[in-house]
Amino acid sequence: MFTLDSSLTCIEAHEPDVLDVHRSVEPVAVSIDDLSSVSCGACVCVIRGQDGIRAFVALEPVNKKAAYIYGSDRVIAEGESTTQLLEEGLAFAASLGFTMQEVNLRYSKALREVVIRDIRVIRTPVAMAESGMRVGGVPPPPLPKTKSDPRAGGGEGGKAEVALAAKEPEESPARTAAEAALELERLAAQKAAAERETRERLRALKERIEHLTAEQSERIAAYAAQEAALEAEVGRLSEEKARAGQAHAERVGQFTKQAELLRGEMASHGEKASAGLAALKAEVELLKAEQRKAATGAEQEEERLHAELERLSAERGEVERGAVARAEELERRIAELLAGRAEHTRQAAARIVELEAETRRIAEERAREEQCAAADIAALEEEAGRLATERDAARKQAVERLALLVADAKFVVAEREAVERAVSGVRGGEMAEALARAEAEAATLRREVVRLTAEKAMAEQVAAARIAALQAEMEGLAAGRKDVSTLQHSERSAGYVTPSVPPVVREAPERQEAELFAPQPAAAGDDDYDIGWSAEGGLMGSGDDFVSFGGSDSPAEGALPVEFSLDKSITCIEYDAPEEIIDLYQSLNVVNITSEGRVPQPSGACVCALKRGDVFGVYVAWNLMSDKVTLVYTPERQPADTVECGQMVLNAMAYVETVGFMMDATRLPADRDKRARVLSKVSVLCQKG
């Protein structure tokens, strides 16, 4: 049950004692004490007091500062649920026709105080004591007189305390003086706090007044500019009207002169001009009618201008009323923005904490990755040293073995010459058989020499390729351009070299045998070393800098002599579906090549054959590792059928092996998904779409 308490014009409470607040959405006309209806806003508050928790319903008239306070006759103790008490207050406000909404008080202490102080019906006892009057001009009630309330003191409450103190037994003067000093300090502190709060509120009110004054000045200036523009328009229309009247008067004067002239002519002509006179009269009447019409139009225009001026004045009044409403809306939005800014500040602080934690985690991960990279670099450096040692040992062993084979070949040549001389001297079947055996053994030795030379050249090439790949990977790690997983994968790929066939030899076997078994100078040791080196150069090209971008000079057996040329319009080998790739070869080693307009750099090779419908295509691709560019070479004409496609693949294999690459066939699974995964790992291939 809520009853009107006429002794209260506001609700006195400190900010911590305000538990719940609900405000009406819009004002409602309410009849209070059987009086005329008053447009009011409603506020439902749950307040913690000295005697317990109580609910209040305050009605705020729109045009008055005083408020009508309805208090609940039910009081609950501290710690009990306030939900039922709040619902009773909301039900009472709803019975009066108000629609209530909750005021959010879940902010920090400072923002909570700002929100509560913005509620007009809630005032702190300190502010009430300083002002000396309640809202509406009614003196405040006496403050509580209990000693437990720290806000009591001063005025009549102080006199009551003195009276009570006189009735108690007299105490020592020292204790009385100490208590009096403490009481004076407490009262001084309360007074300073109240003064500080008052100054803060006055400063806030001054700022708001200055802000509203500036807005009002801007609106007044805008209205003045608009009024000046309207006055200028009215002046312009008046000038136009005056000019129109003057032009009309001039025209009427001209017509009058013409009429007088005609009258003179009519008088001279007499009856002969009766018809013309009638016409002139009609024209004069017409001119008079036009004059009257012009005068009527000018009056109507003047009336229209007056109506327009009245309309603009009415619009100006509406704009002023809208400006007042806009000011109230801005005040409400200022409160909402203050609340939103506090929430945004809290979220930003939480986000900053999350970002700092993420930064620390990334720094720790980066430190761990750098440690792993350092360990891998050390391991690669050790592996590079070991491979260099193995390469030197293999080269030395191959040279020694080649020297022994060359010495054996010289010995066989000498034996052959001796046998030929013996055969020329003695003609017999046994000598012919010995000669045949000697020739067969010599041919076997020659083939062995060729095979060992090819093996030596291959070993040299594999070792050089592995060392070049390791050096390139080490440089990439030092520059921070590759991660550890890519480095390990590249090191394994460069180290796994097991070709099934030796690279194509550009010179015919007969020519190599003639060079190897030709008569040598007396210094056999030096010449043997020169022979081994020349054989290596013949198989390896001109070392790491050897490059060939033309077609193969000696195509593979069964292949067509076709030239391959660079197609700059193709950046990768495109295919529509995985089934179109019918054959694929990739290099097992890395070779330094020099393309047109580029510096020497390590590169891999790929030979690809595809079939799109009935059309075949064979492509050779270099993968330049430093520039990260793919160069695609195409034959002068693509194969027309399966047979030509196979021959073209052999020609392409001979072409890439001539440069120094060792190719290996890539197994393509029959399953579409597995084949697609295999092809996606080849960098020179790209699927359309």
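Some notes on this structure:
- Where the Cα pairs of the stretch 1-142 fall when distances are cut into 5 Å bins, in %: 2, 10, 20, 24, 22, 15, 7, 1, 0
- Long pairs among K568/K674; K65/K191; K568/K611, criterion Cα-Cα beyond 29 Å: K568/K674
- A protection proxy built from the mean count of other Cβ atoms within 10 Å ranks the segments 646-657, 563-574, 39-50, 362-373, most packed first, as 646-657, 39-50, 563-574, 362-373.
- Going from the fewest other Cβ atoms within 10 Å to the most, the residues E328, E227 appear in the order E328, E227.
- Distance between the 7 Å Cα→Cβ label points at R201 and E448: 11.7 nm.
- V629/S6 FRET efficiency (R0 60 Å; Cβ-Cβ; nearest 0.05): 0.05
- Here the spin labels are modelled as points 7 Å beyond Cα on the Cα-Cβ line, and at Q638 and H211 they lie 7.4 nm apart.
- Our coupling estimate for the stretch 100-114, obtained by passing each phi through the Karplus curve with A = 6.51, B = -1.76, C = 1.60 and θ = phi - 60°, is 9, 9, 6, 9, 6, 10, 8, 10, 5, 4, 5, 5, 4, 5, 4 Hz, Gly and Pro reported as x.
- Model label sites at E336 and S31, defined 7 Å from Cα along the beta-carbon direction, differ in position by 3.6 nm.
- Net length available on complete extension from R236 to C572 is 113.3 nm, with 0.36 nm assigned per residue and the Cα-Cα distance removed.
- Amide hydrogen proximity for F564: with H placed 1.01 Å from N in the peptide plane, the residues at 5 or more positions away or on another chain lying under 5 Å are G551, S552.
- Normalised size of the stretch 588-689, defined as Cα radius of gyration per 2.2 N^0.38 Å with N residues, equals 1.13.
- Exposure proxy ranking for D20, D118, based on other Cβ atoms within 10 angstrom of each Cβ and starting from the fewest, stands as D118, D20.
- Summing Lys and Arg as +1 and Asp and Glu as -1 over all other residues whose Cβ lies under 12 Å from the Cβ of C608 gives a net charge of -2.
- Cα-Cα separations in the stretch 225-374 greater than 18 Å, expressed as whole percent: 79
- As a calculated quantity, the FRET efficiency between S268 and A295 at R0 = 35 Å, using C-beta atoms, amounts to about 0.55.
- 17 Å cut-off, amide nitrogen to a point 7 angstrom out along K288 Cα→Cβ, residues in the stretch 249-263: 252-263
- Here r is the Cβ-Cβ distance between K191 and E310 and R0 is 60 Å; the resulting FRET efficiency, rounded to 0.05, is 0.55.
- Length released on extending from D664 to R106, taking residue separation times 0.36 nm less the Cα-Cα span: 193.6 nm
Any read-out appearing in this document is the output of simple, stated calculations on the displayed coordinates, not a laboratory observation. Because the structure is a prediction, the values reported are computed rather than measured. Using ideal geometry, Cβ is built from the backbone for each residue, glycine included, and neighbour counts are taken over all protein chains shown.
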